[in-house]
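J.: So that we are looking at the same thing, I have put the structure below in structure tokens.
Where a number appears in this text, it was derived from the coordinates with a stated rule and is not lab data. Every value quoted in this text rests on a predicted model; they were computed, and no experiment measured them. Methodologically, a virtual Cβ is constructed for each residue, glycine included, from the backbone with ideal geometry; neighbour enumeration extends over all protein chains shown.
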Amino acid sequence: MIKHKATPQYEFRHVEMACGMKRNVGKMVKDCEVDLSVCKTKVSLYSTILGVYDIVMGMDWLERHEALLDCKDKILHFTDDDGQRKSLRGKNRGVSLRFISSMQLMKFR
């Protein structure tokens, strides 16, 4: 639960998700403390509907924290707000990838 006041933001109105869908972006919560289990960090959040995700860390946070993503092992290596290197392991959801043809892909565009 976010305990900070949300303020209107005027930077952008939509964000494009990885699937290509565009979502409306609402208010911004600046310097919201997020518990990543290995440390706490502050991040500016924009309200939108994400589906199964609680938050998505933006490129600004990833760059500022010198993040390196190991996709194969689902590990995010980064520098925390105190300058210490941390590693965060993602959950294996046991979801298998379903391959689709290029014709099927064109239907989603």
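J.: State to the nearest 20 debye the size of the charge dipole of the range 14-93 about its Cα centre, where the only charges are +1 on K and R beta carbons and -1 on D and E beta carbons.
T.: Here the range 14-93 has a charge dipole of around 340 debye.
J.: Given the Cα-Cα distance of residue 15 and residue 53 and 0.36 nm per residue of separation, how much length would full extension add, in nm?
T.: 12.2 nm
J.: While we're on this one: Assuming a strict under-20 Å limit between Cα atoms, what lysine pair count do you get for the range 14-93 once near-sequence pairs (fewer than 8 apart, same chain) are dropped?
T.: 11
J.: Given labels modelled 7 Å from the Cα in the Cβ direction, how far is it in nm from residue 86 to residue 25?
T.: The two pseudo-label positions are separated by 2.4 nm.
J.: Nearest 0.05, what FRET efficiency do residue 32 and residue 71 give at R0 = 25 Å with Cβ-Cβ as r?
T.: FRET efficiency, residue 32 to residue 71: 0.40.
J.: Under 5 Å between amide hydrogens, which residues at least 5 positions from residue 27 or on another chain qualify, with H placed 1.01 Å from N in the peptide plane?
T.: 47
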